[in-house]
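Throughout, read-outs are computed from the coordinates displayed, never taken from laboratory work. The structure presented is a predicted model; accordingly, all values stated were derived computationally and were not measured. Here the Cβ positions follow ideal geometry from the backbone for every residue, glycine too, while neighbour counts run over all protein chains shown.
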Amino acid sequence: MAELTYRDAVARGIAQEMSRDSDVVFLGEDIAKAGGVFKATVGLLEQFGPLRVRDTPISEQAILGAAMGAAMTGLKPIAEIMFSDFIAVCFDYLANEFSKSRYMTNGQVKCPLVVRTGNGGGARFGAQHSQSVENWCMMIPGLKVVAPSTPLDVIGLLAASVRDPDPVIFFEHKSLYAVKGEVPDGEIVDTLGTAKIVRPGKDATILALAMMVPRALAAAERLKAEHGVDCEVIDVRSLVPLDTQTMLASVARTGRVFTVEENPRLCGWGAELVSIIADEAFYDLDGPPVRITTPHIPLPAADALEDLAIPSVQRITNTIQRSLSA
Amino acid sequence: MAKTQTTAAGPSVLVRTNDGIDADLRLRMYRSQVQIREAEQRANDLFLQNLVKGTSHLSLGQEAVAAGCAAAMQPGDLSFCTYRGHAHTLARGVAVEKVLGELMGRDNGLLRGKGGSMHLTSIEHGVMGSYAIIGAHLPIACGAAWRAQYKGDKDVSVCFFGDGTTNIGAFHEALNFAVIWKLPVVFVCENNLYMEYTPISEVTAVANPAADRASAYGLQPIMADGQDADAVYRTAKAAFDKARAGGGPSLLEFKTYRYSGHSRADPAKYRPAGELEHWKANRDPIKIYRQRALDSGISHAQLDEIEGSVKQEVDQATEKCKAAPPTSVDILCTDVYADGGWAWRN
């Protein structure tokens with residue numbers, strides 16, 4: 001057992017998989033010699049050499065295209081897109097290419113690859129380096145979408161993503177890189193498509209993802225301490241595949257559900273979850289499902305503005321408290 | 001052997017010679033061109049009969065590029081094609097029936113109707129896909145070449161695209177990428193003079209859309225006559241040999257001409273009067289190659305026999321496809337994910 005940062009967990013997860021399988025290769029901007037702009041890939045070049053850990057030019061289409069070509073001919077590439085906002089300049093590969101090639105070719109083409117990317121706000125980077133764009137990927141048939149919230153989950157879900165035969169978009173939250181957590185020694189492999197109840201409770205279910213998980217947990221503690229409300233917090237972890245059973249079972253126990261989403265309002269992942277719950281657990285509900293999201297705005301840079309935009313512990317607490325006491 | 005020369009006027013041009021191509025190879029390239037011509041013509045006929053739906057982008061007039069390149073490839077080499085990919089798919093040995101069946105949405109189609117005209121793929125033949133987003137497959141070919149480099153495999157990735165592709169970002173990203181990693185990939189531009197409905201010269205900063213860009217990436221500008229299968233073969237072979245030997249990528253530009261419009265929707269009324277007729281009369285790849293074959297001592301009878309057998313092959317394929325059942329609706333939701341299904345939730 002060791003205490004590890006989320007950032008170091010990324011490098012450990014990649015190293016674990018590269019040590020196990022020589023077909024795993026890694027490419028991206030500044031990932032090798034520089035160890036990543038977030039220092040999440042330090043040491044990999046030294047450990048695995050320049051043939052397997054390769055710096056690329058600022059060419060996001062080439063990065064994802066090359067990952068696809070390598071994957072469809074037998075390798076298992078991990079590609080880094082430095083900031084998830086940059087997915088927009090190589091969106092073709094997610095939207096049209098490796099997501100659809102298996103289907104279009106009647107199962108001939110296989111693309112076992114992982115796209116790692118720094119997602120989310122809180123770092124005062126402004127509107128083009130702060131977005132939570134997991135919902136951009138969730139809407140595309142053929143992709144899998146994962147977003148861990150702890151160092152342990154980073155390793156386990158990254159390992160599961162590398163070993164998965166489908167393309168996986170792996171969202172690392174930039175504001176979690178410094179967070180520490182206990183991680184056991186030895187190989188760690190988790191399972192995609194499994195949500196985790198990170199705080200049991202009986203009065204309401206909170207569904208959260210990535211940086212919203214620690215905020216939801218803090219809000220749950222505050223609700224308990226200040227209002228006697230006992231919330232169950234579920235870390236969704238994987239948007240595709242989606243563990244609806246864990247969420248539906250929780251809602252059946254608590255009768256209320258709140259989503260906490262960092263993405264802007266429209267078509268955020270919570271909308272899909274609420275839709276499923278409304279459809280399949282309507283008679284378990286004692287009140288309306290409530291979505292707590294970033295407003296439908298581009299993210300601002302200044303501290304005061306960004307803090308106001310992204311759901312805070314206080315806003316989560318207040319929203320849930322008001323809704324439950326209404 | 002092929003000889004190239006660089007002139008002050010511009011890119012190197014191929015000096016045509018007849019050495020290095022024996023009768024068997026010549027007959028093979030002739031057959032390939034005739035097969036593409038017949039199959040593409042048939043696809044057009046079937047479209048007019050409403051038996052092919054959607055769209056199709058034909059390679060009529062461009063047969064020599066596909067035939068010459070495929071002949072220069074080795075088993076295991078990989079083809080990456082565009083939506084104008086029927087010719088390259090056939091040239092690697094995929095059966096006419098499989099291609100026509102796919103165009104007709106039949107169960108015997110290459111992809112059982114899940115891809116259609118623009119996505120022909122046959123991994124077992126090295127046809128790694130036909131990509132309908134301009135430029136997307138150039139980086140993908142780089143990735144396949146990276147795998148060969150990393151694993152020590154000796155195959156070459158060959159990526160075909162049109163002149164219009166040279167103006168999209170992925171073209172430039174891929175060229176830079178291939179050069180800095182010295183990848184065994186060959187980029188083949190089929191310059192058929194038109195970017196969809198617009199003359200390429202009206203929308204491109206340079207006269208030769210691919211070759212004139214080569215020097216920006218430290219590559220030799222290489223152009224050859226795309227209507228002459230021998231010239232294509234020699235030019236391609238030299239580039240493939242270089243890539244296989246670890247010499248890195250090449251960018252080739254073949255000047256050619258398409259007889260039909262960009263797609264089924266395009267009657268190509270933008271062409272100057274007489275241009276199509278000129279190319280058909282004087283620059284038709286099959287006429288040129290038939291004469292080349294005769295000049296090299298191959299008989300009329302041998303060539304006639306090839307034409308007859310190809311015609312029969314295409315006729316039989318057509319009949320089989322017409323008789324084949326439509327694609328089974330059972331496959332609507334298969335193969336979205338590797339487990340064979342489409343499940344996104346439990």
Could you bin all the Cα-Cα distances of region A:2-183 into 10 Å bins starting at 0 and give me the percent of pairs in each, rounded to whole numbers? 10, 41, 38, 10, 1
Test of understanding: extend the Cα→C-beta vector of A:LEU285 to 7 Å, then name every residue of region A:207-240 with backbone N under 17 Å from that spot. A:207-208
How far is helix A:212-227 tilted, in degrees, relative to the longest principal axis of the Cα atoms in chain A, given as a value from 0 to 90 rounded to the nearest 10? 20 degrees
Straight distance only, please: which lysines reach the Cα of A:LYS39 with their own Cα at less than 16 Å, same-chain residues fewer than 8 apart left out? A:LYS174, A:LYS180
Rounded to the nearest 0.05, what FRET efficiency do B:TRP342 and B:ILE123 give with R0 = 35 Å and r taken as the Cβ-Cβ distance? Could you check? 0.95
How much FRET efficiency would the formula 1/(1 + (r/R0)^6) give for B:ALA301 and B:ALA245, where r is the Cβ-Cβ distance and R0 is 35 Å, rounded to 0.05? 0.30
Highest GNM mean-square fluctuation among B:ASP22, B:ASP77, B:ASP230, for chain B with Cα springs under 10 Å, belongs to B:ASP22
Per-residue HN-Hα couplings for region B:201-212, Karplus 6.51 cos²θ - 1.76 cosθ + 1.60 at θ = phi - 60°, whole Hz, x for Gly and Pro? 5, 6, 10, 9, 6, 10, 6, 10, x, 8, 4, 6
Residue by residue through region A:257-263, which ³J(HN,Hα) values in whole Hz follow from phi under the Karplus form 6.51 cos²θ - 1.76 cosθ + 1.60 (θ = phi - 60°), with glycine and proline marked x? 9, 10, 9, 10, 10, 7, 5
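Relative contact order for region A:2-183: what percent, with Cα pairs under 8 Å and sequence separation of 6 or more?
Relative contact order of region A:2-183: 28 percent.
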Modelled label-to-label distance, B:GLU196 and A:ILE297, 7 Å Cα→beta-carbon offset: nm? 3.8 nm
Between A:SER275 and A:ALA178, what length in nm is gained on full extension when 0.36 nm per residue of separation is reduced by their alpha carbon distance? 31.5 nm
For chain A, what does the helix formula give at 222 nm: sum of -39500 (n - 2.57) over DSSP H segments with n ≥ 4, over the residue count, nearest 500 deg cm²/dmol? -10500 deg cm²/dmol
Name the lysines eligible as straight-distance cross-link partners of B:LYS280: C-alpha to C-alpha under 29 Å, and not fewer than 8 places from it in the same chain. B:LYS3, B:LYS53, B:LYS98, B:LYS237, B:LYS255, B:LYS269, B:LYS311
Among B:GLU40, B:GLU97, B:GLU275, determine the one that fluctuates most according to a GNM of chain B built with springs between C-alpha atoms less than 10 Å apart. B:GLU275
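How much FRET efficiency would the formula 1/(1 + (r/R0)^6) give for B:GLN291 and B:ASP153, where r is the Cβ-Cβ distance and R0 is 30 Å, rounded to 0.05?
0.15
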Would you calculate the separation in nanometres between label points at B:ASP315 and B:GLN41, each defined as 7 Å from the Cα along the Cα-to-beta-carbon direction? 1.3 nm
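Would region A:196-325 count as rounded, prolate or oblate if I go by the C-alpha gyration tensor, calling it rounded below 1.5 in a/c and otherwise prolate when a/b exceeds b/c, oblate otherwise? It would help to have the intermediate numbers written out before the result.
Numbers: a/c = 1.72, a/b = 1.26, b/c = 1.37.
Oblate is the answer for region A:196-325, as a/c is 1.5 or above yet b/c matches or exceeds a/b.
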Applying the gyration tensor rule to the Cα atoms of the protein assembly as shown (axes a ≥ b ≥ c; rounded if a/c under 1.5, else prolate if a/b exceeds b/c, else oblate), the class is prolate
Determine ³J(HN,Hα), in whole Hz, for all residues of region A:295-308 in sequence, where each value follows from phi through the Karplus function 6.51 cos²θ - 1.76 cosθ + 1.60 and θ = phi - 60°; x replaces Gly and Pro. x, 7, 9, x, 7, x, 8, 4, 3, 4, 6, 5, 5, 6
